[in-house]
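The values are calculated or read from the model by the stated rules, or taken from the named source; none is laboratory data. Not measured: the values here are computed from a predicted model. Positions of Cβ are backbone-derived with ideal geometry, glycine not excepted, and every protein chain shown enters the neighbour counts.
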Amino acid sequence: MPLNKPSLFKQTTLSKENFLNEYWHKKPFLFKDAFTSQQLSFLPNKEELIKLSCHPDIQSRIVTKNSETEYDVEIGPFEKEDFTELDDFTWNLLVSDVDKWHPDSQKILKYFDFIRNWIFDDIMISTGSIGGTVGPHTDHYDVFLIQVTGQRQWMFGHSKIYNPELLSDVELKLLNQFNADEDYTLNPGDVLYLPPEVAHYGIAASDDCVTCSIGMRTPSVAELLTDFIDNIAQNLSENNRFEEPEFNQQPAIGQITQQDIEKVKKIIVDNIDSENITQWLGQYLSSYRNIFHEFNQTKQSSAIDSIKGLYLNSFTKACYFTDKETTLFINGDSHPCSLKLAELLCNDKQILANDLHKLNTKDKDLVKQLYQNGALEKLN
């Protein structure tokens with residue numbers, strides 16, 4: 001590995017292979033002094049987060065804590081004046097999808113390139129007053145909690161909790177009982193990894209506390225099955241209908257028979273094959289939890305021969321599948337292309353001029369199409 005390659009593991013004896021085998025999806029881990037202040041300087045500070053929360057298209061919320069069992073939630077967008085009224089409250093501001101609205105923040109993702117990026121959900125950043133919190137809770141995310149400035153205390157458990165008992169009459173899904181196995185106060189540059197369903201409770205320990213959350217989320221089985229069946233159904237004709245089995249002896253008029261069940265099972269199996277699963281899955285994953293954004297196409301031009309390169313728009317999600325041929329999936333659409341182009345766009349998230357000139361004609365046409373529809377943008 002090159003000495004200047006971004007790495008989360010430089011300050012620990014743990015390798016990324018050990019982390020993935022022993023901790024990923026399984027149990028918490030603390031990375032002490034993983035970042036310097038300079039390495040985090042491109043992330044929004046408290047004032048910039050407040051400004052982002054005033055944008056009408058950006059998802060934000062303020063959680064005020066009144067007691068251990070009483071919390072209020074206000075949904076943005078906010079006005080700057082709203083924050084001057086919070087001086088007498090214990091509050092926590094959360095801004096979601098910072099990676100999309102503040103593209104420089106995506107630089108932090110280079111440190112997490114040991115995890116497949118198609119499960120990446122968003123960068124959420126929080127700030128607030130001393131004592132600011134969203135309360136004890138669990139969620140469905142693998143999350144890396146980076147302390148950017150100030151301090152935040154984190155209490156968390158070791159075991160995963162499914163279907164926990166929640167506080168009633170609270171807008172947030174907060175735990176009725178919370179028992180911590182560990183308690184750390186994170187300083188700037190520290191990173192705490194928490195797997196899904198592990199109970200945790202973060203409390204701002206300083207007024208300049210800014211915490212960056214790198215969230216990874218896989219689809220639920222229910223989400224996968226619902227979308228897959230719906231996708232199959234959209235491509236079937238209304239004329240293609242269930243046909244009753246032929247019976248030697250007609251069953252009772254209200255009876256569902258084993259033959260009926262076997263017939264339905266055959267219908268399901270006959271409509272599933274590896275090709276339609278591959279096509280559907282790539283389209284699904286490249287659009288899963290991706291927020292809609294109307295790209296500005298008026299500035300786009302098909303002339304890309306004299307540019308430095310192109311990069312994926314911050315709202316674009318891409319992945320690929322390769323076997324005998326390679327298919328690139330972008331924002332729910334599929335495109336055949338070379339493996340080289342798929343790797344550049346999905347792994348590197350950019351394509352430089354030198355690589356662009358080496359592409360075959362079919363790939364170049366696809367790049368021009370993606371540039372024209374706004375999925376790709378010019379490198380400055």
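A few comments on the model shown:
- The condition (being under 20 Å from GLU74 (Cβ atoms) and not hydrophobic (A, V, I, L, M, F, W, C)) is satisfied by just one residue among THR138, THR127, THR185, THR149: THR127.
- Any hit, region 104-122, residues being among the small types (Gly, Ala, Ser), assigned by TED's automatic domain parsing to the domain that holds ASP207 and not in a helix (DSSP H, G or I): no
- Which numbered condition GLY189 misses (of (1) touching a helix residue (DSSP H, G or I) at 6+ places or on another chain (Cβ under 6 Å); (2) in the same structural domain as SER41 (by TED's automatic domain parsing)): (1)
- Region 256-287, subset among the hydroxyl-bearing types (Ser, Thr, Tyr) and over 30 Å from ASP122 (Cβ atoms), residue nearest to the chain's Cα centre (by Cα): SER274
- Residue check for ILE304: surrounded by 15 or more Cβ atoms within 10 Å (Cβ to Cβ), touching a strand residue (DSSP E or B) at 6+ places or on another chain (Cβ under 9 Å), in a loop (DSSP other than H, G, I, E, B) and modelled with pLDDT under 95: yes
- Test set (1) surrounded by fewer than 12 Cβ atoms within 10 Å (Cβ to Cβ); (2) over 18 Å from LYS27 (Cβ atoms) - TYR162 fails condition number: (2)
- Matching residues, region 115-140, being within 15 Å of the chain's Cα centre (by Cα) and either aromatic (Phe, Trp, Tyr) or farther than 22 Å from SER287 by Cα (or both): TRP118, PHE120, ILE125
- Number of residues in region 79-107 that are closer than 16 Å to ASP208 by Cβ, surrounded by fewer than 21 Cβ atoms within 10 Å (Cβ to Cβ) and in contact with a strand residue (DSSP E or B) (Cβ under 6 Å, 6 or more places away or on another chain) equals 1.
- Residue within region 64-87 that is touching a residue at least 60 places away in the same chain (Cβ under 8 Å), over 14 Å from the mean Cα position of the chain (by Cα), part of a loop (DSSP other than H, G, I, E, B) and not assigned by TED's automatic domain parsing to the domain that holds GLY282 present: yes
- Being surrounded by 14 or more Cβ atoms within 10 Å (Cβ to Cβ) and closer than 29 Å to LYS317 by Cα is true of THR218.
- Selection status of ILE214, among the hydrophobic types (A, V, I, L, M, F, W, C) and at pLDDT below 95: no
- Scanning region 237-273 for residues that are assigned to a helix (DSSP H, G or I) and exposed (fewer than 10 other Cβ atoms within 10 Å of the Cβ) yields GLN258, VAL269, ASP270.
- Residue-level check: of (1) modelled with pLDDT under 95; (2) farther than 14 Å from LEU379 by Cα; (3) among the aliphatic types (A, V, I, L, M), LEU356 misses just (2).
- Note on region 324-370: residues that are under 25 Å from the mean Cα position of the chain (by Cα), of a type in the set (S, T, N, Q), outside any strand (DSSP E or B) and within 18 Å of SER287 (Cβ to Cβ) amount to 1.
- The lone exception for PRO77 - which of (1) more than 30 Å from HIS158 (Cβ to Cβ); (2) in contact with a Lys or Arg (Cβ under 9 Å, 6 or more places away or on another chain) it fails: (2)
- Boolean, PHE144 is in contact (Cβ under 8 Å) with a residue 60 or more places away in the chain, part of a loop (DSSP other than H, G, I, E, B), in contact with a helix residue (DSSP H, G or I) (Cβ under 8 Å, 6 or more places away or on another chain) and hydrophobic (A, V, I, L, M, F, W, C): no
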